[in-house]
1. Could you run the Karplus curve 6.51 cos²θ - 1.76 cosθ + 1.60 with θ = phi - 60° over the stretch 15-24 and give me ³J(HN,Hα) per residue in whole Hz, x for Gly and Pro?
2. Using a 10 Å cut-off around each Cβ, can you sort Ile23, Ile59 from fewest to most neighbouring Cβ atoms?
Amino acid sequence: MDTSSARRLGLAATLHCLTGCAIGEVLGMVIGTAAGWTDLATVVLSVALAFFFGYLLTISPLLRQGLGLRNAARIALAADTVSIAVMEVVDNGVMLAVPGAMGAGLANGVFWASLAFSLAVAFAVTWPVNVWLVRRGRGHAVVHGHHGGHRTPADAGGRHEHHAAQVPDAAPSPDVVPSPDAVARRAGSHA
C-alpha cells in the first residue's frame, strides 16, 4: 500500500475511532462531572464508554451484513483496540493535565474547551499510529475486507467505496476472520 493510501485509510480509521471515543468520552465526562465523582471514577467510566461505543460502531455494520456476533467482535477487537487505547490514554491524560478541567462544572467553558482540546490532541497522536497499523495490514485495514455490503457496481472488486484506492481487490469471505499474518501478507502483496 502506498504512503498516500495508507494516510487516507489511517485518517478514516482515526475519524472512526474519534467518533466512538468522543461519544463515550463526552458521555462519561458529563455523567461523572454531573454526579460529582472523583477524577479516577470519571476517567474509568469515560474509557469504558469510549471502548463500548468504538467497538459498537465497528460491530453494527458487520452484523447488518450478516456476520455473526462472535466474528464481528473479533474483527472489532483486531481493528480498533490499539486505536481506541491510544486515543483514550492521550485524551484523558490531557484532560487530567489541564488545570481545573476535571473540576470545572458542566456550565463552565473550561470543561468543554479542555474536552475539545483533549480530543483534538488525541486525534493528532492517533492518526500516525493508525497509518502505521494500516501499512502493516492491521488496525482498520482488518475490517475493510468485511465491508462487502457497501460495494458499488463500479467497485465490485471487493473494495469499500470510500476507500476504494486503499483496499486490496479481493475481499475475504465474511465468514472467516483472517489472522493478522494473513492480513499482513495480503496487504504486502498489494503494496
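Computed from the coordinates by the stated procedures, all read-outs in this text should not be read as laboratory data. Remember, it's a predicted structure, so these values are computed and weren't measured experimentally. Cβ: placed from backbone, ideal geometry, glycine included. Neighbour counts: every protein chain shown.
1. Residue by residue, the stretch 15-24 yields 5, 4, 4, 4, 4, x, 5, 5, 4, x Hz.
2. Taking fewest neighbouring Cβ atoms as first place, the list is Ile23, Ile59.
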